[in-house]
Amino acid sequence: MIKRIFNAISRRLAGIAPAQTRSVDGSETAGTSVKSYSGYQQGIHHRLIDKAALDTVFSLKRAGYEAYLVGGAVRDLMLGIEPKDFDIATNASPDQVKQVFRHRCQLIGRRFRLAHIRYGRLIIEVATFRGDQENGHPARQVDDSGRLLRDNVYGSMDEDVWRRDFTINALYYDPKRDVVIDYVAGREDLYAGQIVLIGDPWVRYREDPVRMIRAVRFAAKLGFKLAPSAEKPIGELGVLLKEVSNARMFDEVLKLFHSGSAILVFEKLRHYDLFKHLFPLTDAILASEKEQFPRQLVIEALQSTDRRIAEDKPVNPAFLFAAMLWEPMMQARHDYLREGLSPQDAFFAAAGDVLHVQCAHTSIPKRFTAQVRDIWNLQFRLHKRFGDRAAVLRAHPRFRAAYDFIGIRLAAGETELEDLFDWWTQYQEKDSLEQVRFANQMIRDIKPVRSKRSNRNFYRKKSSQSTND
Ligand code: ATP
Ligand code: MG
């Protein structure tokens with residue numbers, strides 16, 4: 001009875017819409033009609049919805065527009081997970097949204113125009129329903145390979161749903177009426193734990209290759225699997241990630257590895273052979289893996305990232321890139337040393353080369369490349385800690401990250417770093433007077449020691465010139 005009432009309400013809200021039936025392999029065909037459920041019965045608790053998100057929906061509704069929570073927030077709420085952000089879909093145009101929220105609203109994005117509503121430090125993203133105009137509309141641009149360059153054709157909810165990436169990300173929730181609206185059997189996939197693309201996966205990946213890495217991210221984060229239809233094109237289409245702007249790829253890399261499931265993300269990216277499009281130098285070096293080396297360093301870094309996120313501690317992108325690119329940098333440095341460069345020049349040239357290559361794939365903002373260099377450089381400098389040097393190094397803004405980095409190298413098997421790591425651990429535990437005495441007890445600086453297991457011949461230098469990023 002209740003279900004029928006909700007169905008009736010949502011049908012009235014949504015109008016008659018095309019929906020999908022699913023074939024056995026997970027591909028979709030047009031067919032059945034829209035479904036709706038009581039949010040309460042689907043386990044949606046309003047206490048998990050941020051007040052700002054509710055306020056945004058209610059403000060838009062008061063102004064006479066339709067507004068729904070959509071995407072990851074609805075998916076997570078139905079799984080009983082606290083959403084990390086809230087996306088709202090509305091039939092108000094970006095300019096109309098701006099009129100409702102005025103100074104709190106900022107319109108962003110060219111490719112996909114959005115409104116950001118600011119509530120203190122929290123930002124609620126409001127997207128206008130996208131329409132299903134054919135390609136050729138001036139506000140919707142697709143290039144020759146099928147890539148969606150721009151999509152600012154507005155429409156209604158029953159058009160918008162087909163633009164979304166996965167069925168589990170295409171559920172709309174009206175918090176006022178407590179109704180979940182489902183055009184694509186998203187609830188079934190949510191409960192079956194599978195990632196299914198809306199529409200033809202080949203077309204949808206070509207439109208936006210980032211969807212391949214989004215599929216991996218959601219599979220890792222939620223413990224889901226990719227439906228066979230979502231898996232199949234990846235081997236062939238993964239290469240399209242090269243076409244994605246390196247700035248967007250940087251953002252995606254952070255979402256992947258700061259998702260709290262970095263280890264699983266890494267394994268899955270490697271499984272689908274997508275990792276090489278994100279970190280080509282690291283991928284090449286991983287191919288030469290011997291006795292877990294250098295893979296273990298990456299694993300240790302990602303484990304530490306996952307741990308910090310689980311403990312609600314901040315994570316630094318520079319640490320991630322420093323770990324991913326450490327071995328490529330060390331290989332390049334080794335080559336430069338063999339060419340006769342001084343250790344310092346070899347380091348700077350190698351760091352420049354590796355960051356230059358990486359930035360062509362994921363443009364790392366300058367402030368982070370500077371930090372990556374510092375973390376690496378301190379790996380050498382922290383050995384030289386006699387007398388006053390210890391205090392100077394301790395005061396370096398990147399000291400803590402560099403110390404943690406030694407910790408992960410040690411955990412990854414560079415056992416010769418044990419004394420150095422212990423020394424710095426003890427140093428930090430002492431008060432300032434004791435620190436001076438402790439540092440003065442050092443009779444000599446200990447030279448950096450390299451792991452004997454590393455294979456230094458793998459890395460091919462891109463150029464002999466030292467470059468910045
Ligand atoms: P989370 O925020 O937990 O990472 P999310 O699903 O909310 O996951 P967002 O990037 O916040 O992801 O996007 C919000 C919604 O916008 C998605 O759920 C999806 O419906 C739609 N969306 C985002 N990116 C794409 C894309 N590349 N292609 C199609 N739809 C997308
Ligand atoms: Mg989101």
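The values are calculated or read from the model by the stated rules, or taken from the named source; none is laboratory data. Just so it is clear, the structure is predicted and the values come from calculations on it, not from any experiment. Using ideal geometry, Cβ is built from the backbone for each residue, glycine included, and neighbour counts are taken over all protein chains shown.
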Does region 365-373 include one or more residues that are over 27 Å from the mean Cα position of the chain (by Cα), of a type outside the set (Asp, Glu) and under 29 Å from Asp431 (Cα atoms)? no
Within region 199-221, restricting to residues that are outside any helix (DSSP H, G or I) and closer than 19 Å to Ser245 by Cα, the one that is nearest to ligand 1 (Cβ to nearest atom) is Asp208
In region 149-164, anything assigned to a loop (DSSP other than H, G, I, E, B) and buried (at least 22 other Cβ atoms within 10 Å of the Cβ) is listed as Arg164
All conditions in (1) within 13 Å of ligand 1 (Cβ to nearest atom); (2) over 20 Å from Arg121 (Cβ atoms); (3) surrounded by 16 or more Cβ atoms within 10 Å (Cβ to Cβ) are true of Ala53 except (2)
Residue set Gln358, Gln371, Gln344; condition assigned to a helix (DSSP H, G or I) and touching a residue at least 60 places away in the same chain (Cβ under 8 Å); output residue Gln358
Query raised in the report: So is Val180 part of a strand (DSSP E or B), touching a residue at least 12 places away in the same chain (Cβ under 8 Å), closer than 27 Å to Ser33 by Cα and among the aliphatic types (A, V, I, L, M) or not?
Result: yes
Given the conditions (1) within 19 Å of the chain's Cα centre (by Cα); (2) surrounded by fewer than 21 Cβ atoms within 10 Å (Cβ to Cβ); (3) within 22 Å of Leu302 (Cα to Cα); (4) aliphatic (A, V, I, L, M), every one holds for Leu241 apart from (3)
* What do you reckon, is Leu79 more than 18 Å from Thr128 (Cβ to Cβ), assigned by TED's automatic domain parsing to the domain that holds Asp174 and within 13 Å of ligand 1 (Cβ to nearest atom)? -> yes
